[in-house]
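Engineer: Provided herewith is a single structure, encoded as structure tokens, for subsequent inquiry.
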Amino acid sequence: MMSDIKNIVLLEDEPDDVFLISRQLKKSGIEAEIRVCVNKQEFEELLSQLKPDIILADYDVPGFYGYEALLLSRSHDASIPFIFITGCMLPNSIKEEIESRAEAYTLKDDIKELPILIEKVWIEFLARNITD
């Protein structure tokens, strides 16, 4: 089932975080191609070039907040699962907004849990598409 994930778009401006996220996914058996973008222009280009299976996005990329990325991805294709990865605890109001619009979010400190979260989101995605 996780082998069905072929393309992941990762919006992340910190090279160390890109490395850690990529390594964690590979260690867990997720062999998808990870396309990294660091700003709004690159994110929009990737969305127009391919249909990612999942989007992973840092909540706070300089000049381009994750919430804006979520809205852009939804306007492009609302069915693509979107997971926020953030380096800090978010205020409850922002957390509630994210939980109501994105499929999930996690802290970078909990990056080892990311593959489990991706699997959960992917299973929910597949279940929605079977019933639609």
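Engineer: Tell me, what is a quarter of the convex hull surface for the C-alpha atoms of the chain, in nm² with one decimal? Intermediate results must be reported in sequence, preceding the final value.
Structural biologist: Values: hull surface 30.2 nm².
Mean projected area of the Cα convex hull: 7.5 nm².
Engineer: Based on DSSP, what percent of beta bridges with both residues in the range 2-126 are antiparallel, to the nearest 5? Could you put the intermediate results ahead of the total?
Structural biologist: Values: 2 of 19 bridges.
Just about 10 percent of them are antiparallel.
Engineer: Another question, then. Give me the number: length gained by fully extending Ser48 to Asn7, i.e. 0.36 nm times residue separation minus the C-alpha to C-alpha distance, one decimal in nm.
Structural biologist: 13.4 nm
Engineer: Then there's this: Which value in deg cm²/dmol, rounded to the nearest 500, describes the helix-derived mean residue ellipticity at 222 nm for the chain, given -39,500 (n - 2.57) per DSSP H run of n ≥ 4 and division by the residue count?
Structural biologist: On the way: 5 runs with 62 residues, N = 132.
The per-residue figure over the chain is -14500 deg cm²/dmol.
Engineer: List the GluC sites (Glu not before Pro) in the range 1-75 that DSSP assigns to loop (not H, G, I, E or B) and whose Cβ has at most 14 other Cβ atoms within 10 Å. Which are they?
Structural biologist: Details: sites: Glu12, Glu31, Glu33, Glu42, Glu44, Glu45, Glu68; in loops: Glu12, Glu31.
Answer in residue order: Glu31.
Engineer: Still on this structure, please answer the following. Give me Ser22, Ser3 sorted ascending by neighbouring Cβ count inside 10 Å, so fewest comes first. Don't jump to the answer; show the numbers that get you there.
Structural biologist: Numbers: Ser22 17, Ser3 9.
Least to most surrounded, the residues fall as Ser3, Ser22.
Any read-out appearing in this document is the output of simple, stated calculations on the displayed coordinates, not a laboratory observation. These numbers were taken from a predicted model, which means no experiment stands behind them. Positions of Cβ are backbone-derived with ideal geometry, glycine not excepted, and every protein chain shown enters the neighbour counts.
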